[in-house]
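Trainee: This is the structure, below, for whatever I ask next.
Bear in mind these aren't lab numbers, they're just calculated from the coordinates by the rules spelled out. What you see is a predicted model, and the numbers here were worked out from it, not measured in a lab. With ideal geometry, Cβ positions are generated from the backbone for all residues, glycine too; neighbour counts draw on all protein chains shown.
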Amino acid sequence: MLQKVYAENKTYLTELDSAIGDADHGINMDRGFTNVCADLSKTDAPDISALLKTVAMTLIRTVGGAAGPLYGTFFLRASTACAGKTELQAADLVAMFEAGLAGVLQRGKAELNDKTMVDALNPALAAMKQALGNGSDVKQIMQQGAAAAEEGMKNTIPMLAKKGRASYLGERSIGHQDPGATSSYLLLKTAVDVWG
Amino acid sequence: MLQKVYAENKTYLTELDSAIGDADHGINMDRGFTNVCADLSKTDAPDISALLKTVAMTLIRTVGGAAGPLYGTFFLRASTACAGKTELQAADLVAMFEAGLAGVLQRGKAELNDKTMVDALNPALAAMKQALGNGSDVKQIMQQGAAAAEEGMKNTIPMLAKKGRASYLGERSIGHQDPGATSSYLLLKTAVDVWG
Amino acid sequence: MKKLINKPEDLVSESLAGMAAAHSELIKVNYNPNYIVRANAPIQGKVGIVSGGGSGHEPMHGGLVGMGMLDAACPGDVFTSPTPDQMEAATKAVNGGAGVLHIVKNYTGDVMNFEMAAELCQAEGIDVEAVVINDDVAVKDSLYTAGRRGVGITVLAEKLCGAAAEQKRDLKKVADICRQVNANGRSMGMALTSCAVPAAGKPTFDIGADEMEIGIGIHGEPGRERMPLKTAREIVGMMSEAIISDLPFQSGDSVIAMVNGMGGTPLIELYLVFHELNEVCKGKGIKIVRQLIGNYITSLEMAGCSITLLKTDDELLKLWDAPVHTPALRWGA
Amino acid sequence: MKKLINKPEDLVSESLAGMAAAHSELIKVNYNPNYIVRANAPIQGKVGIVSGGGSGHEPMHGGLVGMGMLDAACPGDVFTSPTPDQMEAATKAVNGGAGVLHIVKNYTGDVMNFEMAAELCQAEGIDVEAVVINDDVAVKDSLYTAGRRGVGITVLAEKLCGAAAEQKRDLKKVADICRQVNANGRSMGMALTSCAVPAAGKPTFDIGADEMEIGIGIHGEPGRERMPLKTAREIVGMMSEAIISDLPFQSGDSVIAMVNGMGGTPLIELYLVFHELNEVCKGKGIKIVRQLIGNYITSLEMAGCSITLLKTDDELLKLWDAPVHTPALRWGA
Ligand SMILES: Nc1ncnc2c1ncn2[C@@H]1O[C@H](COP(=O)(O)OP(=O)(O)O)[C@@H](O)[C@H]1O
Ligand SMILES: Nc1ncnc2c1ncn2[C@@H]1O[C@H](COP(=O)(O)OP(=O)(O)O)[C@@H](O)[C@H]1O
Ligand SMILES: [Mg+2]
Ligand SMILES: [Mg+2]
Ligand SMILES: [Mg+2]
Ligand SMILES: [Mg+2]
C-alpha cells in the first residue's frame, strides 16, 4: 500500500528534492518501500512489533541518504513501543508515533522550523494527542494527524532550511516545499486510507 | 588585403569546415594571413620572389592543418618560379601559378574531383593559360582564373571527398562545398581586386 | 539525458563489475552489501580505513582503494549515501585488529548512516573512530545547521591517512592526521552545467548558456549563487579568494593544491585553471609544493571544477610522497 | 559554448603554462615554437620520440612526455596540426645522436607538416624516421583516399615505443615496434554530444537528445553514421564487432584494451563500458591482459568513448609493464 503511494509519488518527491536537494528522495523512498513489500511478503511476522522491525531494518538497509536512517529509526522505535502487543488501541498508536518521532529527533538533531520532515511529524503528533484526549477513534486520530502533517508540510515552503542538504542553499532554500516533510505527510495520509 | 578577406570570411570558411571537417579552416587561414601581414610589414623584401618566400614561410609556420603546408608550398614554388624577376609579365604570373599548383599536387597527392582546393586551383590554371593564349592582359587573366575557380568551387558540392578530413565522412561528404576550394577561390578573387 | 548505460538501476553494479574485472590484482568487489575492498584485506596490525558515499563521484571512493590509501569503499546509489549494512560489512572485512577509521563526508545522510554502522561495529567490539570532513567554504558554517559539506579535502585526507596507516601508525594517530588535514584544508566548487541523475532522467537544475553556478556541491545541488559566466581568471580569483581568506592561508605557507574536474570539463581547461591558481598563490606568497590536476571527486558529467588547498608541513609532505597504488592514484609503486 | 578559459586564442599557451608549473620535474615547455620536452632531454644514445597534433586531445600528447614514453610533444592550435618549425625544434631538442622517431597520426595536415619537418631535419643530418598511425576501423581504408585516422593506438604505441627507446633499442627497432603495434591494433569511437572549438564558439555538429554518432574521430568531425541512442551493451557490441572482425582478433588472442573517454563522459560510465567489452571478449575467447580506462585521447568536452584493442605478445607486454613516469601515465616509478 505505502509502496504503491511512494511509487506513484516517486517523481513528485524527486522533483521537490531537485529544487533544494539532490533529486533522489522519491527514488530512495520508492526503492525502500518496494523492498519493504518484498521482505514482508517473505517473512510472516509473529506480531506488529516484529513486523515494524522488519520495515525498519529494510528501510535502513535500502533507502540510504538522510531519509533511510530517519524513517528507519522512526519504525524501529515504534516497533519497540508496541513490543508484545497483539492488537493496538488508539493510545498505543499515538504512543508509537511519539516514540518514532523521538527517534527521528535524536538521530537527526533537527528542531522545529529547520525545514525537515520534523515539521510535518511534530504537528501531526500534537494533533493526534489532542484527538486522543477528545476520545476520538483511531480513524479520526489518524485523520487529525494527517491534516496537521499536511499543514506542517505546506508551512515548510517559506522556511529557510537549517538541516539537510537544503541548508547548503541558504536563502535560496526559501520558497520550496521540503521533500521529507512531504513524504511524511504521505505516510500519514496513507495510514488513514488503510485504517479507514 | 588578403588578410582582410580571410578575416571577413573566417566564420564562413569555418562553418563550411564544420559540415565536413573540424571547424577550423577559417580560423587557420585568418591566423596565417594575419601573420603574413605582420611579417611583411617587418621585412622589406628586395624582390617579388623574396616577398613570396616570406609569405610561404609564414603560412607554413602559422596556418597548420592541411591548408598550411599546401598554401605554403604553393607560394614557395611560386616564389622560386619568379626568382630574380623585378617585374612580372602575364606569362610569368601564369607560370608561377602553374608551379604553385604543381607543388600542391606533389605535397597533397590529391587528384581532380577528390573534393579539395585542387578542384578550384586546377580549372583556374586552365582558364588562365587559355586567356594568356588569347593575349589577354593580367587583369583579364586573373578574372578568367577567378571565374573558373568559383565554378570549380561550386562543383565540389556534389563530390564525394577522397582526400582530407572530409573523406572520413564517405557518402556524408556529398552536398557540402569544400572549404579549401573556397579559400582558393577567395585567393584569386582578391588577386583580381588587387591587380585590377 | 544521454548516458553510456543500460538500465539506470544497474549502473552502479555494472560499473563495479568493470572495476572488479579491470583491477583484480588491487581490489575485490562484494555485492549486496556493495563494497570495494583491498585484495589483501584485512592486513593484520594495520589500521583499516573505510570511506564511502553516493556513487557518481568516481574515481572517489572506489578508485582510491589500494596500497597506501583506502582499505574499503562503500558505494551508495547515485548521489545517495550508502547504508549501515554496507559500512558494517566493509569495516569487518578490513579490521586487522588495529581498529578502523571511517572517513565521512559531512552530509546528513552519510553522517547518520556511518553513525549507525559505527554503533553496530562497536557493539561487536571493533574499535571504530569516525572523522567527518567539512571543507567546503561555499557553505556558511554554523552550529545550528548541517554545517559545511565534505568535498575535495576528502581525497587528500584519504591519501595522507592511508600512508600513515601503511606505516602502522595507531588509530588515534591516523585519526589525528585526518582531523589535522580537515582543519588545514579548504575547497570551493563551481559549475558550468548541471548533471542528470540517471534514475531521475533529466538535469537536476537548468542553467542558461551564459550563466554559471558558484559554490556548488558534488551532487548537482544548485550552488550558493548564480551569476553570468566569467573568464577563468575571474572565476579562479573569486574561488581562491574565498578559500585563502577562510583558513586563512598566509604568505610563506606551503600548500598541496588540487584542481579537480567535475567530470565533464576537459583537462586542457583544468591546466589553465591551475595556471591561474598558481599565479594567484604566487602573488600572495603561497607556495604550491604538490598538486593534483584532473577528475578526482566528480559530479557525474557536470562541467565545472573545484579548487582545494591544504596547508602542509614536512610530516604531511612525507606522507603525500609515500607510495600509493590504487586504480586512480599511483606513484612510487 | 561554456568553457573555463580566458580568450580562446590564449587557451593553448595558458594551459601549457599550467603544465609547466605543475610538472617542472618532468617536463619543460618551450614557446614559439611551442613544444613540451622531457626535462632531461636530449638523452645521449637514446632514440628520441616526438609526437604531436592539434590541441584538445589532452592528456595526449603533452601529458605523455616523460620517462619511458615521449621525449617531446608538439601541440598545435585546437584540432589543428602543429607546424614544421615546432616539430623541427622539438626533434633537435631530443636528438641524442641515436636518431628520432616521429609518431604521426594519419591526418592529412599532421602527415604533411611532419613530412616537411622531417625533410628539414634530415637536411641537417638528423636521422629521422616517421611512423603513421591509422587504426580507426570506422573509416573505410583505400589507396585512393586519405585512409584511416590515427586514434587510440597512438597512446599505446607511444608507451610501448617509449619503453623500447628507454632500453636503448636502435631507431630501426623502435620504429619496427611502432609499425607492429599499428598493424595489430584497432579502434573505434562514438559520441553522445558534439564539442565546441573555442575559437568557433559553437558546437561543431548538432545532435538530437535521443541520437548518437557512431564512428567519430577525435576532432568533432561527424561520424560515419547517426543513429538512435542505444544501450551501452548494444553500443559496445557494435563497436567491438567492427574492431574484432577487422584485424581479425581471434579466440586465444591476448589483448591490451583501452576504454577511452572523449572528455565529457564520467568514469562510472567508462567502467560500465569496460565491463561490457570484457563480456564480449570473454565470449569470443579473447583475453584482456592489460587495460587503460579513462580520458587519454579526448575531443575537448565531447561525451562519448572509444574502444581500442591491441593484439599483444610477451615482448609487448614486457614493454607495457616497464616503468613510465609522465603527467598522465605513471607506474613502476
Ligand atoms: N537532520 C535531519 N533531521 C530530520 N530530517 C532531515 C534531516 N536532514 C534531512 N532531513 C530530511 O530528509 C529529506 C531528504 O531526504 P533524501 O533526499 O532521501 O536524503 P539526502 O538529502 O541524503 O539525499 C529532507 O527533505 C528532510 O526532510
Ligand atoms: N591531400 C590534399 N590535397 C589538397 N588539398 C587538401 C588535401 N587535404 C585537404 N585539403 C584541403 O584542405 C582543406 C582543409 O583545410 P584545414 O581545415 O585548414 O585543415 P584540416 O583539415 O587539417 O583541419 C580541405 O577543405 C581541402 O580543400
Ligand atoms: Mg536527496
Ligand atoms: Mg579543418
Ligand atoms: Mg541523496
Ligand atoms: Mg584542423
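Trainee: Looking at C:Asn32, C:His57, C:Cys281, which one has the Cα that reaches farthest to the positive end of the dipole of chain C (charges on Cβ: Lys, Arg +1; Asp, Glu -1)?
Mentor: My answer, from the dipole projection, is C:Cys281.
Trainee: If you don't mind, another one. Given Cβ point charges of +1 (Lys, Arg) and -1 (Asp, Glu) and nothing else, what value in debye, to the nearest 20, does the dipole of chain D about its Cα centre take?
Mentor: Taking the Cα centre of chain D as origin, the dipole is about 560 debye.
Trainee: Mind sorting D:Cys74, C:Cys195, D:Cys178 by how few other Cβ atoms lie within 10 Å of their own Cβ, fewest first?
Mentor: Exposure proxy ranking, most exposed first: D:Cys178, C:Cys195, D:Cys74.
Trainee: Considering only B:Thr58, B:Asn113, A:Leu121, whose Cα is most displaced toward the positive end of the charge dipole of the protein assembly as shown, charges sitting on Cβ of Lys, Arg (+1) and Asp, Glu (-1)?
Mentor: Value: B:Thr58.
Trainee: With r defined as the distance between the Cβ atoms of D:Asn32 and D:Asp313 and R0 fixed at 41 Å, what FRET efficiency is calculated, to the nearest 0.05?
Mentor: For R0 = 41 Å, the calculated efficiency reads 0.45.
Trainee: Just add up the charged neighbours of C:Glu124: K/R +1, D/E -1, any other residue whose Cβ is under 15 Å from the Cβ of C:Glu124.
Mentor: With Lys, Arg at +1 and Asp, Glu at -1, the neighbours total -3.
Trainee: Among C:Leu310, B:Phe74, B:Gln89, flag the residue with its Cα farthest along the positive direction of the charge dipole of the protein assembly as shown, charges on Cβ as +1 for Lys/Arg and -1 for Asp/Glu.
Mentor: Value computed over the given set: C:Leu310.
Trainee: Restricting to DSSP H runs of at least four residues, report the calculated mean residue ellipticity at 222 nm for the protein assembly as shown, -39500 (n - 2.57) per run over all residues, nearest 500 deg cm²/dmol.
Mentor: Estimated from H runs of four or more residues: -15000 deg cm²/dmol.
Trainee: Across peptide D:216-222, what mean number of C-beta atoms from other chains lies inside 10 Å of a residue's C-beta?
Mentor: 5
Trainee: Something else now. When a footprinting reagent is the concern and you count Cβ atoms within 10 Å, what order do B:Lys163, C:Lys173, B:Lys129 take, fewest first?
Mentor: The fewest-first ordering by Cβ neighbours comes to C:Lys173, B:Lys129, B:Lys163.
Trainee: Is chain C rounded, prolate or oblate when judged by the Cα gyration tensor, a ≥ b ≥ c being the square roots of its eigenvalues, rounded requiring a/c under 1.5 and prolate requiring a/b larger than b/c?
Mentor: oblate
Trainee: Is the shape of the range C:27-129 rounded, prolate or oblate, going by the alpha carbon gyration tensor and its root eigenvalues a ≥ b ≥ c, with a/c under 1.5 for rounded and a/b larger than b/c for prolate?
Mentor: It comes out oblate by the Cα gyration axes.
Trainee: Taking the Cβ-Cβ separation of B:Glu15 and D:Lys173 as r and a Förster radius of 60 Å, what is the calculated FRET efficiency to the nearest 0.05?
Mentor: Result of the calculation: an efficiency of 0.80.
Trainee: Local charge sum around B:Val94 (other residues, Cβ-Cβ under 14 Å, Lys/Arg +1, Asp/Glu -1)?
Mentor: +1
Trainee: Let me make sure I get this right: for the range D:93-171, a, b and c are the square roots of the gyration tensor eigenvalues over alpha carbons, sorted descending. Under 1.5 in a/c it's rounded, otherwise prolate if a/b > b/c, else oblate. Which is it?
Mentor: Since a/c reaches 1.5 but b/c is at least a/b, the shape of the range D:93-171 is classed as oblate.
Trainee: Could you tell me which residue in chain D puts its beta carbon nearest the axis mapping D onto C, with the distance rounded to whole Å?
Mentor: D:Gly264, 2
Trainee: Ranking A:Val138, D:Val259 by Cβ neighbours within 10 Å, fewest first, what do you get?
Mentor: Fewest-to-most ranking of A:Val138, D:Val259: A:Val138, D:Val259.
Trainee: So the label point sits 7 Å from Cα along the Cα-to-Cβ vector; using that for C:Lys230, what distances do you get to the other copies, in nanometres, sorted shortest first?
Mentor: 4.6
Trainee: For C:9-16, what's the mean count of beta carbons from other chains sitting within 10 Å of each residue's beta carbon?
Mentor: Other-chain Cβ atoms within 10 Å of each residue's Cβ, averaged: 5.
Trainee: Where the convex hull is taken over the Cα atoms of the protein assembly as shown, what is its projected area averaged over directions, in nm²?
Mentor: Answer in nm², one decimal: 43.2.
Trainee: Further question: Let me confirm one metric for peptide D:207-215, namely the mean number of other chain beta-carbon atoms within 10 Å of its residues' beta-carbons.
Mentor: Per residue, the number of nearby Cβ atoms from other chains is 1 on average.
Trainee: Please report, ordered by residue number, every helix of chain B (full DSSP H runs) that is 18 Å or longer along its axis going by C-alpha atoms and whose mean Kyte-Doolittle hydropathy reaches -1.0.
Mentor: Once both thresholds are applied, what remains is B:25-42, B:48-62, B:67-81, B:90-108, B:118-133, B:138-155, B:179-195.
Trainee: Shifting gears a bit: What does the extension gain come out to for A:Ser136 and A:Asp193, with contour length at 0.36 nm per residue minus their alpha carbon separation?
Mentor: Working it through step by step, the gained length comes to 18.9 nm.
Trainee: A follow-up question, please. In nm to one decimal, list the spacings between the B:Pro46 label point and its equivalents in the other copies, with label points set 7 Å along Cα to Cβ, shortest first.
Mentor: 11.1
Trainee: Can you list, shortest first and in nm, the gaps between the label point of D:Gly96 and those of its counterparts in the other copies, using a point 7 Å from Cα in the C-beta direction?
Mentor: Here D:Gly96 shows inter-copy label distances of 3.9 nm.
Trainee: About the Cα centre of the range D:185-259, how large is the charge dipole given +1 on each Lys and Arg Cβ and -1 on each Asp and Glu Cβ? Please answer in debye to the nearest 20.
Mentor: In total the dipole reaches around 120 debye.
Trainee: Quick one: putting +1 on the C-beta of Lys and Arg, -1 on the C-beta of Asp and Glu, what dipole do you get for the range D:13-93 around its Cα centre, in Debye to the nearest 20?
Mentor: So the dipole magnitude of the range D:13-93 works out to roughly 280 debye.
Trainee: Can you give me the C-alpha center-to-center distance between the range D:213-243 and the range D:94-114, rounded to a whole angstrom?
Mentor: For the range D:213-243 versus the range D:94-114, the Cα centre distance is 29 Å.
Trainee: Output the Kirkwood hydrodynamic radius of the range D:6-57, Cα pairs only, in Å rounded to one decimal.
Mentor: 12.3
Trainee: Okay, moving on. Around C:Asp176, with a cut-off of 14 angstrom between Cβ atoms, what is the net charge of the other residues, counting Lys and Arg +1 and Asp and Glu -1?
Mentor: 0
Trainee: Here's a follow-up. Enumerate by residue number the chymotrypsin sites (Phe, Trp or Tyr not before Pro) in the range C:1-100 meeting two conditions: DSSP loop (anything except H, G, I, E, B), and at most 12 other Cβ atoms within 10 Å of the site's Cβ.
Mentor: C:Tyr31
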